[in-house]
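Accompanying notes for the structure given below.
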Amino acid sequence: MSNTSTAKKSFLKKEIRITSGSFLLASLIYLALPVLIFFIGYLKPWWAILFSAITIAGSFLAWRSTIAKDKELKNNERSVNIKVSYFLFLIPVVLLFVYIGGVGEFSWCVGDHRVRYAILNDLVEYKWPVIYDFSTQHNPVVSEALGQGKVAFAYYFVFWMVPALFGKIFGLMAARIVVCLWSALGLLLLALGAMLLYGKESKFLFIAIMLFAGFDVFPYFYHQFSGFGSSWEDWTLHFRVVGNFYQIMNVFHQSIPGWLITVLLLQAANSSYVGLLGSLMFCYSPWAAIGILPLCIVKLFTANKGLARKQVVSNLLTVANIAAPIVFFICFASLYLANSNARYDNGFIWNFYDNKFQLVFDYVLFVVFEFGIWALIIRKKFRKDPMFVASVLTMLIIPFYKMTAPNDFLMRGSMAPLFAIALMSSMYVTDNFNEMLEKDNRKVRPRLVVLSFFVAAFTSLNFMLTSVLLTSMIYAKTEPAQDMTTGIVSFGDIRDEQYLEMVDVQFFVYDYEDNTFFKYLAK
């Protein structure tokens, strides 16, 4: 064997040590950078400087407190060794999930990507803050409906800030490529964080996380045979959450940062930056921030267990816990509340049911098949983990209130607690998968656990297969699929009038000059 070949194998076997401190630093840079770009690009200079300084200070102090905790633990610090060869597996897999998920609109993707494409397009093409003049609408139907005037753009679009900045320099195509790479980087960090929690390198673990879903296959077939009809992830009218891969297909801009924040919260060894994590979630998704709040509260109590009162107060009264959440809330709450039209069909869930039996029936199906079976499977291993208990209780309670017609409060509000259950379940499945592969192991339990996982993963695999097949047909020009880069293109020049009402309700801010955000904070 040549020296070159030997050196190559030696390099591939080389291990990289990932510690909780290094992972936190990389993740906070990833999460905070888009927020900082937003501050600098959108806000008046004095607010941009102040808010950026507080964000950087909070992130730095959070990292420093973790480093201090690692030194205190010495040899017991949380870390994982990962071979260089593992990245040769992980990077292509991450890119594949991003690509077939439709991120960047380079493959077949779901209808929501018309909006995703338009958001990125306008962040690239328009000056920040984005303001639309109705005189630029070329579709006569749209132009007549909107009339004259100007509106501002408001949405939770922070995830796109890095790709949009590249787009302003290199063009829209560059921005689309960067949004794929930025998403892939987020999933790469997620994989490393999951292995940090798991305690060792695992190829199966990341696959399990991406394919994780509820047992939708059972209620789906029930509704098919009962004549109700449904899609794989849409078998109830008001109770709906979706699997992880479907989250990538629909709301990658919320799910990727949301999952990463959840991992950071689960691994947090002290409470000095819990507020920073919860409020960072608010920057990316106001709905998900509501769902992560109970987990943050539990972490604040459990991370301080056994400490003296003085140390507890010192951990709680930090820049990361106080100043950063105040800054994020002031800035982003005023932006989100600028558009009051986007909030409709709100109320307690029983107000949306005429038949109370149907309400109970739907709720029971939701609890059992979306997370209940998984909670039952992993209960023995995690029943003493307060974060597991908090996640299950949050999933039980959060469906009682509905916000918006598609119930974004449940779909996105459940993101953190459901992903916590998903991560714990994936680690448990990985344990059983490894046990099943052991020589002469004939135990039934690990086989049943792995079989259960693939039954639940059927919906995710179905979506993946659909995307692969339709993408290949599109490129072979045998499938007349709709192009998600057309239809809307830009909210400032809507091509197809059928999307006008949706855009008008969800993204336009009328009388923005009198709005708190645009009057006092924005440039």
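The values are calculated or read from the model by the stated rules, or taken from the named source; none is laboratory data. Being a predicted model, the structure only gives us computed values, none of them experimental. As a convention, Cβ positions derive from the backbone with ideal geometry for all residues, glycine included, and neighbour counts pool all protein chains shown. We work out accessible area using only protein heavy atoms, side chains counted, and drop any ligands, DNA or RNA first. Shrake-Rupley method; radii C 1.70, N 1.55, O 1.52, S 1.80 Å.
Worth a mention:
- Reciprocal mean inverse distance between Cα atoms of the stretch 281-421 - Kirkwood radius, Å: 17.2
- The stretch 132-196 - Debye-derived log10 I(q)/I(0), Cα point model, q = 0.28 Å⁻¹: -1.02
- Taken about its Cα centre, the stretch 415-523 carries a charge dipole of about 900 debye when Lys and Arg each add +1 at the Cβ and Asp and Glu each add -1 at the Cβ.
- Rolling a 1.4 Å probe over the protein chains gives Tyr126 an accessible area of about 60 Å².
- Share of carbon and sulfur in the accessible area of the chain stands at 64%, probe radius 1.4 Å.
- Per-residue ellipticity at 222 nm from helix content only, as computed over the chain with -39500 (n - 2.57) for each DSSP H run of at least four residues, stands at -20000 deg cm²/dmol.
- Overall shape of the stretch 186-315 was characterised from the C-alpha gyration tensor. The equivalent ellipsoid obtained from it has semi-axes of 34, 18, 14 Å, in decreasing order.
- Sequence-distant aspartates and glutamates (8 or more away, or on other chains) whose Cα lies within less than 14 Å of Lys200: Glu15, Glu77, Asp431
- Over all directions, the projected convex hull of the C-alpha atoms in the stretch 452-518 averages 8.4 nm² in area.
- Residues whose amide H lies under 5 Å from that of Leu43, counting only those 5 or more places away or on a different chain, are Lys523; hydrogens are built 1.01 Å from N in the peptide plane.
- Proximal lysines to Lys127, defined as alpha-carbon separation beneath 28 angstrom and excluding residues fewer than eight positions away on the same chain: Lys44, Lys150, Lys168, Lys519, Lys523
- Proportion of all alpha-carbon pairs of the stretch 104-223 beyond 19 Å (%): 65
- For the listed peptides 406-416, 467-477, 191-201, a ranking on the average number of other beta carbons within 10 Å per residue, highest first, reads 406-416, 191-201, 467-477.
- Working note: Cα gyration tensor of the stretch 256-363, eigenvalues times five, square-rooted, sorted largest first, giving semi-axes of 32, 20, 12 Å.
- Cα-based Rg / Dmax (Å) for the stretch 360-417: 12.0, 37
- Projected area averaged over orientations for the stretch 286-346, convex hull of C-alpha atoms, nm²: 5.2
- Residues whose amide H falls under 5 Å from that of Arg78, counting only those 5 or more places apart or on a different chain, are Ser20, with hydrogens built in the peptide plane.
- Globularity ratio of the stretch 362-500, using Cα Rg and 2.2 N^0.38 Å: 1.44
- Cα-based convex hull volume of the chain per residue, rounded to whole Å³: 197
- About its Cα centre, the dipole of the chain is roughly 2760 debye, where the only charges are +1 on Lys and Arg Cβ and -1 on Asp and Glu Cβ.
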